[in-house]
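Step one of this worksheet: look at the structure below.
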Amino acid sequence: MNKGATRTTIIISLLIVALVGYYAYLSNKDRARREESAVTAVEAALSRDLNKDYPPTPKEVIKYYNELLRCLYNEESSQDEIEALGLKARELYDEELLEANELGGYLIRLQSDVNDYRNNNRRITNFSVASSNNVEMFEQDGYSFAKIMCGYNIMQGGQSHPSDQVYLLRKDADRRWKIYGWEAAENLETQVE
């Protein structure tokens, strides 16, 4: 091989190595950017500013509440994240429900409940909120109320256990639907009988 061909081969080889190196650099940079922008379910749930973006209907309130529940009971959240999720859930509660659940005691019970779920390998695998057509609206004592059912599938020990909750919401002075309380549907059925 002559000197010119050797130099050309070396230059082409260096250019190929440089291009491969530059491509690897860009790929890693793009991957790092994607990892930075990947938001966890907990971060996404906590990022909602309820002062500016409050759910407009009883169904939407319960859907967002269930997103918070899924984060609490399904994600590996730190104690600080559990507290933040609990505080976010309280923003959806009616004043009377807040008064009945003093903050300190509420957070202790919430942490205990989350730990119980984890210790017993329980997970909320699915939830379904009744359609807007199935929301029972009524007036009582000068307040507007809405009653809506939500079904849950809770997985424990490889078995799915269905559970239905009936949520009662009350419209506040700002015309926002707030969670007034809830009850297991089976308990309501036995009270009627």
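The values are calculated or read from the model by the stated rules, or taken from the named source; none is laboratory data. Here the structure is a predicted model, which means the values were calculated and not measured. Cβ sites come from the backbone with ideal geometry, for glycine too, and all protein chains shown count toward neighbours. Please note that ligands, DNA and RNA were not included when accessible areas were found on the heavy atoms of the full protein model with its side chains. Shrake-Rupley method; radii C 1.70, N 1.55, O 1.52, S 1.80 Å.
Determine the calculated [θ] at 222 nm for the chain from helices alone, applying -39500 (n - 2.57) to every DSSP H run no shorter than 4 residues and normalising by the residue count; nearest 500 deg cm²/dmol.
Helices in the chain give a 222 nm mean residue ellipticity of -17000 deg cm²/dmol.
Run the numbers on the chain and let me know its relative contact order in percent, using alpha-carbon pairs under 8 Å that are six or more apart.
17 percent
³J(HN,Hα) across segment 61-71 via Karplus (A = 6.51, B = -1.76, C = 1.60, θ = phi - 60°), whole Hz, x for Gly/Pro?
Couplings: 4, 5, 4, 5, 4, 5, 4, 5, 4, 4, 5 Hz.
Given a 1.4 angstrom probe, I'd like the percentage of the accessible area of segment 143-187 that is carbon and sulfur, rounded to a whole number.
Carbon and sulfur together cover 43 percent of it.
Using the Karplus curve 6.51 cos²θ - 1.76 cosθ + 1.60 with θ = phi - 60°, work out ³J(HN,Hα) for each residue of segment 174-183 in order, rounded to whole Hz, and write x for Gly and Pro.
8, 6, 9, 7, 10, 6, 8, x, 7, 8
Under 26 Å Cα to Cα from Lys59, which lysines show up? Leave out anything in the same chain fewer than 8 places away.
Lys88, Lys147, Lys171, Lys178
Non-local amide H neighbours of Ile154 (under 5 Å, H modeled in plane, Pro and chain starts lacking H): which ones?
The list, which skips near neighbours in sequence, is Thr125, His161, Ser163.
Counting other Cβ atoms within 10 Å, which GluC sites (Glu not before Pro) in segment 40-141 have at most 10 and lie in a DSSP loop?
Passing both the DSSP loop test and the Cβ count: Glu76, Glu102.
Sequence-distant or interchain residues sharing an amide H contact under 5 Å with Ser144, placed H: which?
Lys171
Using a 10 angstrom Cβ neighbour count of at most 10 plus a DSSP loop assignment to flag exposed trypsin sites (Lys or Arg not before Pro), which longest range of the chain is free of such sites?
53-174
For a Förster distance of 35 Å, can you work out the FRET efficiency between the beta-carbons of Leu103 and Ser163, rounded to the nearest 0.05?
Rounded to the nearest 0.05, the efficiency is 0.85.
Pairs of Cα atoms under 8 Å, at least six residues apart: use those to get the relative contact order of segment 89-169, whole percent.
About 24 percent, as a whole number.
What residue among Leu98, Leu19, Leu72 shows peak mean-square fluctuation when the chain is described by a Gaussian network model with Cα springs under 10 Å?
Leu19
Give me the accessible area per residue for the chain, probe 1.4 Å, as a whole number in Å².
For the chain, the per-residue accessible area is 66 Å².
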